[in-house]
Amino acid sequence: MLIFNEMLDSIQSSAEAQKRFTSDVSHEIRSPLTSLRGSIEVTLRRKRTPEEYEEMLRSNLADTIRLSKIADNLLFLAKADNNILEFRKQWVDVRKLIENIVEGHKGRISQRGVSIDMDCRENLMLSGDIDLLEQAFLNILDNAVKYTSPGGKVTINAMEDISSISVTVSDKGPALPENEITHIFERFYRGSKAGGTKPGGTAWALR
Ligand SMILES: Nc1ncnc2c1ncn2[C@@H]1O[C@H](COP(=O)(O)OP(=O)(O)O)[C@@H](O)[C@H]1O
Ligand SMILES: [Mg+2]
């Protein structure tokens, strides 16, 4: 009975997670579309100066770029679902990979007042698809930064043994309750406390 209840719970929570994902995605798509439509409609109400047209085009471009990124992400999910992701393996320098990610998001990280400590030796190489590895590390780092308190520290530690390399990302933020840990690899699952931490959510990954 217990197992049955747990099963029902997990079915329900993944159905809810799906619903939440759909509404997150439609929200993400709707906001640049609303902004595009609004700015075009307002601009067309009367004749404008070249500067005003230029300003409108710049704002339209930013919205269009956002929409393209959302489309890319949805395409990525669809490919992953259908096992048609192409892997391009190459040798990747772990330290450089992580440094690049941190560098690329330093504005966001310092905005949250979080500092990052990294311990990884030079020339630690692994074989993999650099884009997918970057995405995976970014997701984990994004979570660590997001779920740690402002002023907190995130520690990244890379270790190797004969056959593998492990990278640990730790933060001192509130841990996920024990009963939620089993759910975190369910697609679109978000912790019960995570909802209140927006902005963030899927949004950063989608942006
Ligand atoms: N570093 C972390 N500390 C605490 N909880 C975390 C951490 N990383 C992930 N989680 C939990 O796992 C859930 C799933 O993570 P994720 O799929 O990245 O979703 P999101 O970042 O949109 O909340 C989060 O909603 C959160 O509850
Ligand atoms: Mg996340």
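The values are calculated or read from the model by the stated rules, or taken from the named source; none is laboratory data. All values reported here derive from a predicted model rather than from experimental measurement. Don't worry about glycine lacking a Cβ; one is built from the backbone with ideal geometry, like all the others, and counts go over all protein chains shown. Heads up: the accessible areas ignore ligands, DNA and RNA and are worked out on the full protein's heavy atoms, side chains in. Shrake-Rupley method; radii C 1.70, N 1.55, O 1.52, S 1.80 Å.
Could you list, in their original order, any pairs among 19/106; 106/172; 69/153; 19/89; 96/153 whose Cα atoms are separated by more than 24 Å? Beyond 24 Å between Cα atoms: 19/106; 69/153; 19/89.
Think of the chain as having a plus end and a minus end, set by charges on the Cβ of Lys, Arg, Asp and Glu; of 22, 139, 176, 22 sits farthest toward the positive end of this dipole. Farthest towards the positive end of the charge dipole of the chain, among the residues 118, 59, 76, is the Cα of 59, using unit charges on the Cβ of Lys, Arg, Asp and Glu. On a 0 to 90 degree scale, rounded to 10, what angle separates helix 130-146 from the longest Cα axis of the chain? On a 0 to 90 degree scale, this one is about 90. The alpha carbons of the chain give a radius of gyration and a Dmax of 20.7, 71 Å, in that order.
For region 35-46, 3J(HN,Hα) computed residue by residue from phi via the Karplus equation (6.51, -1.76, 1.60; θ = phi - 60°) reads 5, 4, 4, x, 5, 5, 4, 5, 4, 6, 5, 8 Hz, glycine and proline entered as x. Each of the peptides 106-119, 78-91 was scored by the mean count of other Cβ atoms within 10 Å over its residues; in descending order, highest first, they stand as 106-119, 78-91. Estimated from helical segments only, the mean residue ellipticity of the chain at 222 nm is -19500 deg cm²/dmol, where each DSSP H run of four or more residues counts as -39500 (n - 2.57).
Which angle between 0 and 90 degrees, to the nearest 10, do you get for helix 94-104 versus the longest principal axis of the chain when only C-alpha atoms count? So the helix axis and the longest Cα principal axis differ by about 30 degrees. Amide H contacts for residue 160 (H built 1.01 Å from N in the peptide plane; partners 5 or more residues away or on another chain; cut-off under 5 Å): 166.
With all protein chains in place and a 1.4 Å probe, the accessible surface of the chain carries 57 percent carbon and sulfur. For region 2-81, the share of alpha carbon pairs falling in successive 5 Å distance bins from zero is 3, 12, 15, 15, 12, 11, 9, 7, 6, 4, 3, 2, 1, 1 percent. Taking amide H as placed 1.01 Å from N in the peptide plane, the amide H of residue 173 sits under 5 Å from that of 149, each at least 5 places away or on another chain. Only Lys, Arg, Asp and Glu carry charge here, each on its Cβ (+1 for the first two, -1 for the last two); on that basis region 2-81 has a dipole of about 480 debye about its Cα centre.
Each residue was assigned an accessible area with a 1.4 Å probe, and for residue 127 the value is about 50 Å². Summed over the residues of region 1-144 and divided among them, the accessible surface reaches 71 Å² per residue at a probe radius of 1.4 Å. Highest mean first, the peptides 23-31, 174-182 sorted by other C-beta atoms within 10 Å per residue fall in the order 23-31, 174-182.
Taking 8 Å as the Cα distance limit and 6 or more residues as the minimum spacing, I'd like the relative contact order of region 29-145 as a percentage. Computed over region 29-145, the figure is 27 percent.
Its Cα centre serving as origin, the chain has a Cβ charge dipole (Lys and Arg +1, Asp and Glu -1) of approximately 960 debye. The peptide list 34-45, 148-159, put in order of mean Cβ contacts within 10 Å with the highest first, becomes 148-159, 34-45. Residues in region 15-31 carry Karplus couplings, in order, of 5, 5, 4, 4, 4, 5, 4, 4, 6, 4, 5, 5, 5, 4, 6, 5, 5 Hz; the curve used is 6.51 cos²θ - 1.76 cosθ + 1.60 with θ = phi - 60°, and Gly or Pro positions show x.
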